[in-house]
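S.K.: The structure follows.
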Ligand SMILES: Nc1nc2c(c(=O)[nH]1)N[C@H]1C(S)=C(S)[C@@H](COP(=O)(O)O)O[C@H]1N2
Ligand SMILES: [Mo]
């Protein structure tokens, strides 16, 4: 869905929230409703609940709930000389690019990312393999970068490019615009108040709090706005999706 389409859908849903839904309440108690009218109302109500549900915040926790150590999973290191050199130096020359279907492409240093408005959130990471960990993440919201880059209306998805290669393939992931503009979708540079350790995705990793762990791309190098996945990897929108193991939408 494009941002513009999303906006008009949201406006429609806001309108539904005031008018149509009170009508549903009244109608439901009358016990005279039948057939097509019920079906149409059900469709709107389902759309309303689904989208409102996807925009809800993931639970946030207290500092004392943080896991004593945050497990690393998948790639734990990046076997690349430029990455090794930057890691040793504290990533002075690391740049995050924002590209693709944007009017104003960006290339940002860590200092520039840290100078943007920041969000800190203590959330639970749930891996599809059956473990969880609670950590405190800090970084700018993805929406801030997308607004500065001016995403074009043709863009339907945001792709996250990574520095690591796993089983011979470059890791990547993607989300739709609902998750891209979700307030808890941040580009984290810190875990529990310190720079992100290498095993957890230094220097930058995504937090996509309403989805499972494999969507949270580590070792982030670029953010790309695209219309479709046809030209990317095997066309399924992510590393695990291409291999065929996991679904593209991993909502929790
Ligand atoms: N670039 C990259 N991102 C990745 C992975 C990976 O192997 N490479 N693994 C994913 C999986 S399956 C999980 S559960 C989380 C693990 O994050 P952690 O290492 O901080 O626990 O990162 C996700 N993001
Ligand atoms: Mo995972």
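S.K.: So, of the residues in the range 115-136 that are under 19 Å from the mean Cα position of the chain (by Cα) and away from ligand 2 (no atom under 16 Å from the Cβ), which turns out to be farthest from residue 66 (Cα to Cα)?
M.R.: That would be 116.
S.K.: With respect to residue 147, determine if the residue is assigned by TED's automatic domain parsing to the domain that holds residue 199 and away from ligand 1 (no atom under 13 Å from the Cβ).
M.R.: yes
S.K.: A follow-up question, please. Being more than 10 Å from ligand 1 (Cβ to nearest atom), surrounded by fewer than 17 Cβ atoms within 10 Å (Cβ to Cβ) and farther than 21 Å from residue 109 by Cα is the requirement here; does residue 237 meet it?
M.R.: No; evaluated as a whole, the condition is false for this residue.
S.K.: Might you let me know whether the range 70-78 holds any residue that is surrounded by fewer than 11 Cβ atoms within 10 Å (Cβ to Cβ) and modelled with pLDDT of 55 or more?
M.R.: no
S.K.: Sticking with this structure for a sec: Given (1) without any contact (Cβ under 8 Å) to a residue 12 or more places away in the chain; (2) crowded, with 16+ Cβ neighbours inside 10 Å, where does residue 123 come up short, assuming only one miss?
M.R.: Evaluating residue 123 over (1) without any contact (Cβ under 8 Å) to a residue 12 or more places away in the chain; (2) crowded, with 16+ Cβ neighbours inside 10 Å leaves (1) as the failure.
The values are calculated or read from the model by the stated rules, or taken from the named source; none is laboratory data. In this text the structure is predicted, and so the values were computed from the model without any measurement. Glycine gets a Cβ as well: all are built from the backbone with ideal geometry, and neighbour counts include every protein chain shown.
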